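Following: one structure in structure tokens, then a few remarks.
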Amino acid sequence: MSKQTSHARADTNHNRLYIRIGRKLTKPDLDNLYTDIRFCVADLSPGFSVITDLSQCTIASLSGLPTLRKISNFLIDNQVGTVVRVMNDKSVVFRQFMNLTDRTQGYKPINVSTVDEAEKRLLEAEKRTAPRFRLYKQPVEIHKKDIQYTGVVIDISTGGCAIQTDTSLPELGDDLSIKIHFNDHEEFISEFNISAQVAKVMDDWFAVKFISLGEEVEKQLEQRLLHESKSDLIL
């Protein structure tokens with residue numbers, strides 16, 4: 001195919017959607033791609049993975065932004081799993097995508113520089129049981145016995161989360177209680193109180209795994225995260 005052509009194909013054996021973006025990311029091209037993607041997703045099962053190759057794309061028109069969001073929301077509504085984007089980190093398009101997504105919260109794609117790396121990262125990610133979402137400056141309270149920490153959630157899944165903090169860090173293996181409060185919503189749960197254990201500690205952030213979340217709470221958290229993800233571009 002020409003480098004200027006955007007297209008999608010479904011790999012039903014591996015339950016994957018492959019998307020290739022041509023040289024110019026324009027609204028007419030994206031409208032055709034949206035139709036292509038809808039036909040492909042119909043052949044895939046919930047939890048399907050996506051590799052989007054943007055490595056040849058050099059121009060992105062803002063007129064296509066509504067269609068990009070429509071594609072992203074369509075994938076989310078159809079229970080997309082892991083999303084990997086192939087991008088040239090020195091390109092204008094890469095900077096445009098980062099500017100659009102770094103200050104929003106939503107589904108967290110993996111950014112890589114080659115298709116081979118995308119395949120490798122996808123295999124690693126598919127071993128996880130839950131997709132990860134990015135939250136933007138989402139406040140969180142962390143309690144360790146009588147000590148209270150404050151911070152923001154960097155990313156989260158129904159299995160755990162990463163938290164950045166300016167206060168002192170907990171220690172590896174610590175048992176914590178964390179509270180995440182979203183904006184009030186008439187349909188979705190707004191506050192989650194979760195028991196967790198520290199799984200990793202870095203310079204200014206740490207990661208926890210959730211303990212005994214429970215099927216109902218896990219479902220409520222997933223629904224809330226899916227709702228939050230619709231403010232982002234995951235393509």
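The values are calculated or read from the model by the stated rules, or taken from the named source; none is laboratory data. Since we're looking at a predicted model, the values are computed, not measured. Heads up, the Cβs are rebuilt from the backbone with ideal geometry, glycines too, and the neighbour counts pull from every protein chain shown.
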List the residue pairs whose Cβ atoms are under 9 Å apart, where the first residue sits in region 77-88 and is over 20 Å from residue 42 (Cα atoms) and in contact (Cβ under 8 Å) with a residue 40 or more places away in the chain, the second is among the aliphatic types (A, V, I, L, M) and part of a loop (DSSP other than H, G, I, E, B), and the two are 6 or more positions apart or on different chains.
85/54; 85/234; 85/235
State whether one or more residues within region 125-145 are outside the structural domain of residue 166 (by TED's automatic domain parsing), over 26 Å from residue 223 (Cβ atoms) and at pLDDT 85 or above.
no
Taking into account only those residues within region 19-57 that are β-branched (Val, Ile, Thr) and part of a helix (DSSP H, G or I), which is surrounded by the fewest Cβ atoms within 10 Å (Cβ to Cβ)?
35
Quick check on my filter: what residues within region 206-216 are in contact with a strand residue (DSSP E or B) (Cβ under 8 Å, 6 or more places away or on another chain) and modelled with pLDDT under 90?
212, 213
What residue, of 195, 212, is small (Gly, Ala, Ser) and on the phi < 0 side of the Ramachandran plot?
195
Quick check, is residue 38 within 21 Å of the chain's Cα centre (by Cα), at pLDDT 85 or above and not polar (S, T, N, Q)?
yes
Every residue from region 210-230 that is under 15 Å from residue 191 (Cα atoms) and of a type in the set (Val, Ile, Thr)
217
Out of the strands (runs of 3 or more DSSP E) lying entirely within region 146-235, which hold 2 or more residues that are more than 17 Å from residue 135 (Cα to Cα) and of a type in the set (Gly, Ala, Ser)?
191-201
